[in-house]
Amino acid sequence: MTVIGTHDVVIVGAGLAGMRAAVEAARGGVDVAVVTKLHPVRSHSGAAEGGINVALGNVSDDSTEGHTYDTVKGSDYLADQDAARIMCEDAVGDILELENMGCFFSRLPNGRIAQRPFGAAGRPRTAFAADITGHVLLHVMYEQLLKHGVTVYEEFYGIDLATDVNGEVIGVTSWDIVNGGLKTVLGNATIIATGGMGRMYHGTTNAWACTGDGMAMAFRIGAPLKDMEFMQFHPTTLKANGVLITEGCRGEGGVLRNSLGERFMEKYAPNAMELASRDVVSRAEWTEIMEGRGVDGCVLLDLTHLGADRINRALPGSRELALDYAGVDAIDEPIPVRPGAHYQMGGVHTDSNGQTPIPGLWASGEAACVSVHGANRLGGNSLLEAVVFGRRSGDHAAATVKGRTKPDAGAAAASMARTQAKVDGMLSATGPRADELRVALADTMYENCGVFRTGEGMAVAKTRIAEIRATFDAGVLLHDKGTSFNNDITYALEVGAMLEMGDVLTQCGLERNESRGGHTRLDFPERNDEKWLVHSLATRTADDPTIQVGTHPVTITDYQPAIRTY
Ligand SMILES: Cc1cc2nc3c(=O)[nH]c(=O)nc-3n(C[C@H](O)[C@H](O)[C@H](O)COP(=O)(O)OP(=O)(O)OC[C@H]3O[C@@H](n4cnc5c(N)ncnc54)[C@H](O)[C@@H]3O)c2cc1C
């Protein structure tokens with residue numbers, strides 16, 4: 001148990017949000033470090049295919065006003081409208097800056113940045129680099145990270161936030177994946193940028209590393225989590241393994257058909273059709289499948305009419321994924337797809353500078369909830385959120401702590417000792433294997449907290465998760481007791497985080513007795529603005545793990561809630 005570094009700003013996570021925050025903090029003239037369980041360019045941001053939204057107006061008369069409106073409407077009016085406006089207005093400068101840093105976006109014949117249509121966007125607004133947008137952004141941000149001299153603690157698995165005697169966050173205590181043992185990195189400001197938690201579901205687009213660790217770390221020390229019931233299901237994922245087929249396919253003109261060959265979105269969203277918002281399309285697909293018009297538990301995404309040239313130029317990655325994982329060549333045949341868990345709209349409650357109510361703690365990216373996505377995120381708005389609010393949190397954290405005396409190595413001794421005791425307990429425990437518990441959790445979440453939910457189903461999930469958590473807490477068996485690359489222990493820690501976050505999602509879902517965006521309850525099918533036009537806010541204290549669910553007002557500035565049709 002050692003302190004291996006002391007900095008001004010410590011960022012946990014090196015995806016797009018974490019690296020963007022780090023670069024901005026470094027520009028603010030402070031000493032910055034990033035702690036990450038993966039090499040930065042292996043972060044899940046690199047899997048983003050479709051693109052990033054920005055109202056450049058290169059192919060239409062688009063405006064930041066239009067982008068803000070679409071974001072608020074898409075959110076089912078649960079987004080904070082001031083935050084959505086900041087994101088959409090900042091987008092223009094931020095994307096042009098990314099371009100100047102070296103992101104090679106796809107181009108129009110006139111040389112301007114190309115933009116494709118995406119779901120629930122009133123105009124073609126999504127800038128892209130073919131269908132490897134996230135990969136391009138992540139590599140460019142990594143270059144910037146190196147350029148700005150940010151210290152990277154690579155392959156350090158953050159377990160707990162380090163706190164001082166007043167409960168102020170002063171860094172993070174991690175398991176050193178390469179050498180073993182606990183190592184603490186201290187800082188006056190800590191930014192959680194650990195991404196999503198889709199791995200708690202069967203059938204998810206998320207990488208293995210998306211396990212909600214950062215949200216769980218923050219929650220454990222009393223940071224509120226906002227809108228956690230809202231898990232987004234992406235309409236087009238492959239059945240075998242949940243791999244995503246980008247919305248860009250529908251943006252390029254792909255259509256959805258049922259087993260009768262019908263273009264069924266005509267019934268559900270006659271105007272926007274396949275480009276309605278994701279919650280609408282996922283519910284339509286699920287309904288078709290449940291009513292017997294599916295094809296082997298899927299519907300069909302048909303690109304064949306686009307022709308080989310366009311598919312190879314605009315969607316080469318999607319063609320390859322369908323070939324590799326579904327054995328289907330999209331040039332000749334439709335791709336079987338179904339909804340899969342994709343994006344956590346909720347996260348650590350922050351303001352529009354990424355600051356949380358806990359002193360010393362900020363959050364950004366998918367791990368945070370500002371909130372700009374409300375009950376349903378629009379495709380292309382998440383990479384944007386990571387860039388805009390990553391930058392803002394890095395800037396704000398640096399400005400807040402600049403010139404402060406760095407934390408003393410002894411200040412975190414008590415919190416480090418608690419983490420050490422937890423890890424020692426895990427290394428000596430017996431019991432089932434953690435992977436059995438993850439499968440049990442993923443089954444429970446998939447069956448009871450999916451596209452359609454009921455109070456009864458979520459109550460079953462809540463009880464089941466309590467049982468699985470009790471088993472986990474009593475101890476899981478780690479076969480590997482070693483130090484170097486002990487994936488057994490990090491995997492078990494991830495399962496622990498997912499159990500905590502699955503519990504929070506389920507409890508928040510049980511409380512919200514209405515249907516809004518990604519949270520559709522068959523027993524409460526209507527949106528209830530009178531009671532539920534509020535954020536949910538889940539909290540616990542550092543000493544008592546009981547989850548309390550309260551509410552927090554939604555900021556409404558320009559757009560009064562209206563019935564949402566597409
Ligand atoms: C397949 C797929 C396609 C997508 N396509 C798009 C798209 O086209 N457009 C769009 O806008 N959005 C898209 N999204 C969503 C978007 O990519 C993500 O929401 C966003 O990239 C998240 O960025 P992030 O920086 O918050 O997290 P991530 O990129 O997930 O990074 C998380 C970081 O945290 C680190 N970390 C996690 N836990 C720990 C820990 N315990 N200790 C230390 N480090 C830790 C990881 O090492 C990693 O560096 C897509 C998502 C998926 C899954």
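Quick note: the coordinates plus some simple rules give every number you see, no bench work behind them. Computed from a predicted model, the values in this text were never measured in an experiment. Note that we place each Cβ from the backbone using ideal geometry, even for glycine, and neighbour counts take in every protein chain shown.
Let me know the shape class of region 361-430, please: from the alpha-carbon gyration tensor, a ≥ b ≥ c as square roots of the eigenvalues, rounded when a/c is under 1.5, otherwise prolate if a/b is greater than b/c, or oblate. Oblate shape, in that a/c is at least 1.5 and b/c is the bigger or equal ratio. Ordering 290-297, 181-188, 197-204 by mean Cβ neighbour count within 10 Å, with the highest value first, yields 197-204, 181-188, 290-297.
Among the chymotrypsin sites (Phe, Trp or Tyr not before Pro) found in region 35-105, those both in a DSSP coil and sparsely packed, with 14 or fewer other Cβ atoms within 10 Å of their Cβ, are PHE104. So what's the net charge close to GLY251: Lys and Arg +1, Asp and Glu -1, counting the other residues with Cβ under 13 Å from its Cβ? After counting each charged neighbour, the total is +1. Using the Kyte-Doolittle scale, which helices in the chain average at least -0.5 and also have C-alpha atoms spread 24 Å or more along the helix axis, with helices defined as whole DSSP H runs? Both cut-offs are met by 81-101, 381-401, 455-474, 487-511. Shown is the FRET efficiency for LEU96 and ASN166, computed with R0 = 51 Å from the Cβ-Cβ distance and rounded to the nearest 0.05: 0.75.
Taking R0 as 56 Å, what's the FRET efficiency between ARG433 and GLU333 from their Cβ-Cβ distance, rounded to 0.05?
Efficiency computed from Cβ-Cβ geometry: 0.90.
In summary, the aspartates and glutamates within cross-link reach of LYS406, defined as a Cα separation below 14 angstrom excluding same-chain residues under 8 places away, comprise ASP8, ASP31, ASP164, GLU168.
With the cut-off at under 20 Å, measuring from each backbone N in region 346-363 to a point 7 Å along the Cα-to-Cβ line of VAL534 picks out 346-351, 357. Protection proxy ranking of 311-322, 252-263, 542-553, 356-367, by the mean of other Cβ atoms within 10 Å over each peptide's residues and highest first, is 356-367, 311-322, 252-263, 542-553. When the listed pairs LYS37/LYS239; LYS73/LYS531; LYS183/LYS462; LYS183/LYS481; LYS226/LYS462; LYS147/LYS402 are checked against a 25 Å cut-off, the alpha-carbon distance exceeds it for LYS37/LYS239; LYS183/LYS462. Estimated from the Cβ-Cβ distance and a Förster radius of 45 angstrom, the FRET efficiency linking ASN312 and VAL460 is about 0.45. Of the chymotrypsin sites (Phe, Trp or Tyr not before Pro) found in region 456-535, those that fall in a DSSP loop while having at most 14 other beta-carbon atoms within 10 Å are PHE485.
Check each of the trypsin sites (Lys or Arg not before Pro) in region 51-139 and keep only those in coil by DSSP with at most 11 other C-beta atoms within 10 angstrom; list them in order.
Answer in residue order: no site qualifies.
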